[in-house]
Every structure is written in structure tokens, then in C-alpha cells.
1. Hey, what's the per residue convex hull volume over the C-alpha atoms of the chain, in cubic angstrom?
2. Mind checking the stretch 29-95 for trypsin sites (Lys or Arg not before Pro) that DSSP puts in a loop (not H, G, I, E or B) and that have at most 12 other Cβ atoms within 10 Å?
3. Once R0 is set to 41 Å, what does the formula 1/(1 + (r/R0)^6) return for the Cβ-Cβ distance between ASP142 and ARG72, expressed as a FRET efficiency to the nearest 0.05?
4. About the Cα centre of the chain, what is the dipole size in debye to 20, counting +1 per Lys and Arg Cβ and -1 per Asp and Glu Cβ, all else neutral?
5. Sort HIS104, HIS77 by heavy-atom solvent-accessible area, probe 1.4 angstrom, most to least.
6. Can you find, among VAL34, ILE110, ILE53, the residue farthest towards the positive end of the dipole of the chain? Put +1 on the C-beta of Lys and Arg, -1 on that of Asp and Glu.
7. Work out the count of Lys pairs in the chain where the Cα-Cα distance is under 20 Å, with the pair 8 or more places apart or on different chains.
8. Longest segment of the chain with no chymotrypsin sites (Phe, Trp or Tyr not before Pro) in a DSSP loop having at most 12 other Cβ atoms within 10 Å?
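The values are calculated or read from the model by the stated rules, or taken from the named source; none is laboratory data. No experiment lies behind these values; they were computed from the predicted model shown. Here the Cβ positions follow ideal geometry from the backbone for every residue, glycine too, while neighbour counts run over all protein chains shown. Areas reflect the complete protein model, heavy atoms only, side chains present, ligands, DNA and RNA absent. Shrake-Rupley method; radii C 1.70, N 1.55, O 1.52, S 1.80 Å.
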Amino acid sequence: MPTPSMEDYIEQIYILIEEKGYARVSDIAENLSVHPSSVTKMVQKLDQEKYLIYEKYRGLVLTPAGKKIGKRLVFRHDLLEQLLKLIGVKDENIYRDVEGIEHHLSWDAIDRIGDLVQYFEEDSKRVEELKAVQKRNQEEQD
């Protein structure tokens, strides 16, 4: 099982490969706001753990296990963003909040959150009712 730090790298590599067709150390470093040397160290570790194949100066490729985990990590991130939007978290806080909580939830919790998001999205009246409750609560706080 990858560590939270490893998950961040796998997720970012997966996203880059999906968007560009490749992931370079410099792109990963820029997107994660870390030094390229840190990326190289982590990429070597991910290679040892069989999440990707890394050849110096040639690039990297996710293994089937790395792709599977990357896809699931992107799903988790997107689902948590959906939930936070649904419950009325301000857009400017969503990314930071998701980054803060995503590694601390079990996959069981993620599955239940998926059920909850699906419940609200199946019927727009449910979302409207939720927003009405949020509005009332906000007015009470003001």
C-alpha cells in the first residue's frame, strides 16, 4: 500500500499521462511544488515498489498496478470535490480541503461518500432542499 506522499505522486503522474500522454520529472515537480530532485527520489522509490517503470533520461510509465491506483486516487479526489461543492464549501477552499482529508479516509468511507453524492445527484429536488437548509443555517449564524 502506498504512503500518502506516494499517492500524491502516483495521482499526479496518472493525471499527467492522461492529459499529455507522458509525465516528466519537471512537470511533476511543478504540479506538486517540489524540487525535481525530490521527484527523482520518489520516482525511484515508486519504481522499486513496482508502481511505475523509470529509466533515467527516458521517462516513466505506470505499471498496471500504478494505473489502477492512479485511477482510483483521481476518482477519490474528484468525489471529495463533488461532496464539498454539494455541501456548499467555497470554491477557493475546496482543493486545499480535499488535499487535507483525502489520505485520512478509508476506502469504505469513500464508497459511502459516493453513495451519498449519488443520492443527491439522482434527484435535483434533494440538492435544492440541501441548499435551502444551508441558506437557513447561514442566516441563523449571521
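1. Measuring per residue, one finds 129 Å³ for the Cα hull of the chain.
2. Of the trypsin sites (Lys or Arg not before Pro), the ones in loops of the stretch 29-95 whose Cβ has at most 12 other Cβ atoms within 10 Å are LYS50, LYS56, ARG58, LYS90.
3. My answer for the efficiency is 0.55.
4. 680
5. Largest to smallest exposure gives the sequence HIS104, HIS77.
6. Going by the charge dipole, the pick is ILE53.
7. Step by step, the pairs that qualify in the chain add up to 20.
8. 58-142
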